[in-house]
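The values are calculated or read from the model by the stated rules, or taken from the named source; none is laboratory data. Note that the structure is a prediction, hence the values are computed from the model and not measured. No Cβ is skipped: glycine too gets one built from the backbone with ideal geometry, and neighbour counts run over all protein chains shown.
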Amino acid sequence: MGNYNDAHLYLLDPNNPSRWIPAEWPLRVAQSGNWGVELTAPAEIAGYRNLKDGSKDVTTAGTAVQLSSSSVSCKKVVVQAKNSNSKSIMVGSSTVKALGEVRGIRLYSSGTFELMVNNLTDVWIDAEVSGEGCTFIYYV
């Protein structure tokens, strides 16, 4: 495979512009000749500034609902089926379906699924049982 040297990624601390924070993983790069790497990225890549949460229930089994009907910007969402659910929920896009031709990712009681999305309106759930749903956290 060749010779490799460890290269580390550092990001600027958003709370202290004169401090660089090491990334949590080393990057391995092949070395061939003289080269340099410069990465310019927002500090948010190193972590998320705010964590928020919510919950959503499906009023009518078989009818998908959005986690939010109004626009809520985010970077990541973690959905967890409610512990009290008697059957599964499905997580996905607007075509998610818990009954009939099932579509999406199935979550049973307390099961979780993580999605990298830009808005809570992009995430939909459906349930096998009316009134059941999920809780979720999202990063902004």
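If Leu99 satisfies every condition in (1) out of contact with any Gly (no Cβ under 8 Å at 6 or more places or on another chain); (2) assigned to a loop (DSSP other than H, G, I, E, B); (3) among the aliphatic types (A, V, I, L, M) but one, which is the exception?
The one condition Leu99 does not meet is (1).
Taking strands (runs of 3 or more DSSP E) that fall entirely within the stretch 9-94, which contain at least 2 residues that are charged (D, E, K, R), closer than 25 Å to Glu128 by Cα and at pLDDT 90 or above?
Output list reads 51-57.
Take Ile137 and tell me if it is touching a Cys at 6+ places or on another chain (Cβ under 6 Å) and either under 19 Å from Lys52 (Cα atoms) or free of Cβ contacts under 8 Å to residues at least 12 places away in the same chain (or both).
No: the conditions fail for Ile137.
Restricted to the stretch 66-105, and to residues that are of a type in the set (Ser, Thr, Tyr) and within 18 Å of Leu120 (Cα to Cα), which residue is surrounded by the most Cβ atoms within 10 Å (Cβ to Cβ)?
Ser68
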